[in-house]
Amino acid sequence: ASSKFQLRAAVAAAGRLDGSIWQDNLEWVRDQSLIALALAMSGQAGLGRTILARLLREFIGDDGAPMDSSRFRPWQESEVDQNGVLLFALESYVNWTGDLDLVSECWDRIAKVADFPLRPVFRHAASGLLLNRREFWERHGAHGLRPGMELAHQLFMVMGLRAAGRLADRIGRPDRATAWAEAAMDLRKAMLKDPVFSLIDNGTFIKRRGPDGRVERAIRPEPASDLPRQAPLFGPGRHLLDPDTSSVLPVVWSFVDPGSPLAARTLASMETLWNQRWAGGGYGRYNVTSEPDSPGPWPFASLFVARAALEAGAPAKTRRVLDWLGRVPGSRAASWFEFYGPRPVPPYPQVGIIPWTWAEMITLFVHHLF
C-alpha cells in the first residue's frame, strides 16, 4: 500500500519522475516504463498513461534511440534494453486497461522504438545478437567493459519485439507484426540456443559474452579513469562480472521455465551476492569486486531475486528479502535508499530514494503473488 501511494505522490501531473529523489534530478526510460506498468497494476492507470505518452514523445529520439539519465548516448553506449522495456510495458498497460488508443496515437514513435535496436550497427554478425559497450547497470568503457552481448539487452528486446508485434496485429499492421515477431524469435533462439554465443554457460545464465564467443568474466578499469580509487573495482585481484542479479530476469518474467534446472542453477548462483562485504542482509547488484561505487545491498536488485524465487518455488528467499526491507533505515516509511552502505568519496551522502523499488514491490505482489 505504501508503494502504491508513494508512487502516486512522486510523479508530477505532467509525468515527470526523478530516478532517485533528492539525488539524481535525472530520468530513465527503463525506470519509468516499469513504474507506469506498476501504476496500471495498482489501479492508477491515468498516471501510467501520462508517463508512457511522455516517454514516447520526449524520451525517444527521431531515430528511436532512448534517453537514459535524461540524455542521449552514442550508439555504442545506448541502453537498448530500454526500448524493449518500454514496448513490453506499453503492451502490458494496454492489457490492464484496454486503452489501445494510446498505441494508435503514438504508433510512429512506437515503430521507431522497435526498429532502433535492429539496426545493423547493433547486430553481431555471427549470431545476430545485439552488441554494444554498455551493460545493464551502466558500466561502460571507462570501467573496463569491452564490446559484447548483454543478457538483459537481449531479454528485454525479445520481450519488447513480441509485445510490439502483438500490438501491431491489434491495430491492423500485419506486416510489422510479422517482422517483429520473426526478429524476436531469431534473437531468442540465438540467446538460448546458439552453440557458441548463447548467454548460457555450464547450465547457468551469464551476464555477458564477447564477440569472439568467450564469456566476459572480468573487467579492468582504464588507467586514465577518474572513478573513485576507493571503489572495489580498483582493489587487488580480478574484478568479476558474474554473478549479476540481472541474470535472474529471464526467470522473473517466465522467459524460461521457472521450474527448470537452468532457472534453479541461476537462482542458486545469486547466493554469493548476499552479505558480500557487509552484514545484515540484502543482495548486491553484482559481484562486489567489479563495483565502481560502494559495496552494499540494493533494494530493487534484491527484489529481482525475490521475484525470481517466488516464480521458482522458493518463497523462503522471497520472504528473506521482504524481512530485510522491513529492517533497514527508511522501512517504516517504505522509502528505501538506492543502496545501503557508505559512499567512497564525500560529499555523496546516501539520500536517494528510488521510485523503481516501489514498482518492483507492487509487481512482486500483483504479478507474482496475487
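Being in contact with a strand residue (DSSP E or B) (Cβ under 9 Å, 6 or more places away or on another chain), among the hydroxyl-bearing types (S, T, Y), assigned to a helix (DSSP H, G or I) and open to solvent by 10 Å² or more (accessible area, probe 1.4 Å) is the requirement here; does S269 meet it?
Details: in contact with a strand residue (DSSP E or B) (Cβ under 9 Å, 6 or more places away or on another chain): yes; among the hydroxyl-bearing types (S, T, Y): yes; assigned to a helix (DSSP H, G or I): yes; open to solvent by 10 Å² or more (accessible area, probe 1.4 Å): yes.
It is true that S269 is in contact with a strand residue (DSSP E or B) (Cβ under 9 Å, 6 or more places away or on another chain), among the hydroxyl-bearing types (S, T, Y), assigned to a helix (DSSP H, G or I) and open to solvent by 10 Å² or more (accessible area, probe 1.4 Å).
Would you be able to tell me the number of residues in region 76-93 that are buried (at least 23 other Cβ atoms within 10 Å of the Cβ) and within 22 Å of Q6 (Cβ to Cβ)?
3
Quick one: which of S247, S225 is open to solvent by less than 40 Å² (accessible area, probe 1.4 Å) and part of a loop (DSSP other than H, G, I, E, B)? It would help to see each step written out before you state the result.
Working: S247 fails: part of a loop (DSSP other than H, G, I, E, B).
After applying the criteria, what remains is S225.
Picking from D186, D169, which residue would you name as being surrounded by fewer than 18 Cβ atoms within 10 Å (Cβ to Cβ), touching a residue at least 40 places away in the same chain (Cβ under 8 Å) and closer than 25 Å to E91 by Cα?
Numbers: D169 fails: touching a residue at least 40 places away in the same chain (Cβ under 8 Å).
Sole residue among the options that is surrounded by fewer than 18 Cβ atoms within 10 Å (Cβ to Cβ), touching a residue at least 40 places away in the same chain (Cβ under 8 Å) and closer than 25 Å to E91 by Cα: D186.
Please enumerate the residues belonging to region 171-187 that are of a type in the set (D, E, K, R) and assigned to a loop (DSSP other than H, G, I, E, B).
Answer for region 171-187, where residues must be of a type in the set (D, E, K, R) and assigned to a loop (DSSP other than H, G, I, E, B): just R173.
For residues that are more than 19 Å from A1 (Cβ to Cβ), open to solvent by less than 10 Å² (accessible area, probe 1.4 Å) and either free of Cβ contacts under 8 Å to residues at least 60 places away in the same chain or among the acidic types (D, E) (or both), tally how many sit in region 299-331.
5
Which one of A38, A65, A45 is surrounded by fewer than 19 Cβ atoms within 10 Å (Cβ to Cβ), at pLDDT 95 or above and either of a type in the set (A, V, I, L, M) or touching a helix residue (DSSP H, G or I) at 6+ places or on another chain (Cβ under 7 Å) (or both)? Lay out the reasoning, then the answer.
Working: A38 fails: surrounded by fewer than 19 Cβ atoms within 10 Å (Cβ to Cβ); A65 fails: surrounded by fewer than 19 Cβ atoms within 10 Å (Cβ to Cβ).
Sole residue among the options that is surrounded by fewer than 19 Cβ atoms within 10 Å (Cβ to Cβ), at pLDDT 95 or above and either of a type in the set (A, V, I, L, M) or touching a helix residue (DSSP H, G or I) at 6+ places or on another chain (Cβ under 7 Å) (or both): A45.
Matching residues to (1) β-branched (V, I, T); (2) within 20 Å of the chain's Cα centre (by Cα):
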{"residue": "R238", "(1), (2)": "no, no"}
{"residue": "P243", "(1), (2)": "no, yes"}
{"residue": "V252", "(1), (2)": "yes, yes"}
{"residue": "V256", "(1), (2)": "yes, yes"}
{"residue": "R265", "(1), (2)": "no, no"}
{"residue": "G280", "(1), (2)": "no, no"}
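Here are some residues: R30, R73, R57, R8. Which one is touching an Asp or Glu at 6+ places or on another chain (Cβ under 9 Å) and open to solvent by 30 Å² or more (accessible area, probe 1.4 Å)?
Values: R30 fails: open to solvent by 30 Å² or more (accessible area, probe 1.4 Å); R57 fails: touching an Asp or Glu at 6+ places or on another chain (Cβ under 9 Å); R8 fails: touching an Asp or Glu at 6+ places or on another chain (Cβ under 9 Å).
Of R30, R73, R57, R8, the one residue that is touching an Asp or Glu at 6+ places or on another chain (Cβ under 9 Å) and open to solvent by 30 Å² or more (accessible area, probe 1.4 Å) is R73.
The values are calculated or read from the model by the stated rules, or taken from the named source; none is laboratory data. Fair warning: this is a prediction, and the values are worked out from it, not measured in the lab. Every residue, glycine among them, receives a Cβ derived from its backbone with ideal geometry; neighbour counts consider all protein chains shown. Protein only, heavy atoms only, side chains kept; ligands, DNA and RNA dropped before computing areas. Shrake-Rupley method; radii C 1.70, N 1.55, O 1.52, S 1.80 Å.
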